[in-house]
Amino acid sequence: MTIGILAKAAGVNVETIRYYQRIGLVDEPDKPPQGYRRYPASIIDRIQFIKRAQDLGFTLNEITDLLSLNDGNCEEARTIAEHKLEGIHRRIEDLTAMQSELTRLVKACRRNADGRGHCAIIQTLTRSNGR
């Protein structure tokens, strides 16, 4: 199949496939002297694997590592996934803390609805990190 047909079948655009080729995630077939490169149907699965892994938060470097395992080392794949999961937990904790602080600031701002006092949001964001 041509790159356009491959892109449509995999649910990506042609430039995505070309980018994956440049960084080594997808092999580029040889171009015949006359005509277009032909891609095997198996590349659809590889591209969909990459997209699903990205949806789960894996970086392209991590995806390269996963693909290099070739379904042969579940323990190493699990280690990569556990590391990703730890990062997600840390991000959730950070986002929860940010949510709490912003909620507190919005409530403080609402208490100053008449605008006569200092704005808690502006005042907090203006302070240096040392407070």
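The values are calculated or read from the model by the stated rules, or taken from the named source; none is laboratory data. Treat the numbers as computed from the prediction; the structure is a model and nothing was measured. When we count neighbours, we look across all protein chains shown, and the Cβ atoms used for this are built from the backbone with ideal geometry, even at glycine.
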Looking at the structure I just gave you, is Thr16 at pLDDT below 95 and either of a type outside the set (A, V, I, L, M) or at negative phi (or both)?
no
Got at least one residue in segment 97-120 being farther than 30 Å from Ile5 by Cα and among the β-branched types (Val, Ile, Thr)?
yes
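Results for (1) surrounded by 13 or more Cβ atoms within 10 Å (Cβ to Cβ); (2) modelled with pLDDT of 95 or more; (3) within 23 Å of Gly24 (Cα to Cα), shown as yes or no for each residue.
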site	(1), (2), (3)
Gly72	no, no, yes
Arg91	no, yes, no
Glu101	no, no, no
Lys107	no, no, no
Across segment 1-27, which residue is farthest from Thr59 (Cα to Cα) among those that are in contact with a helix residue (DSSP H, G or I) (Cβ under 8 Å, 6 or more places away or on another chain) and exposed (fewer than 15 other Cβ atoms within 10 Å of the Cβ)?
Gly4
Within segment 28-60, track down each residue that is surrounded by 12 or more Cβ atoms within 10 Å (Cβ to Cβ) and either touching a Cys at 6+ places or on another chain (Cβ under 8 Å) or at positive phi (or both).
Gly57
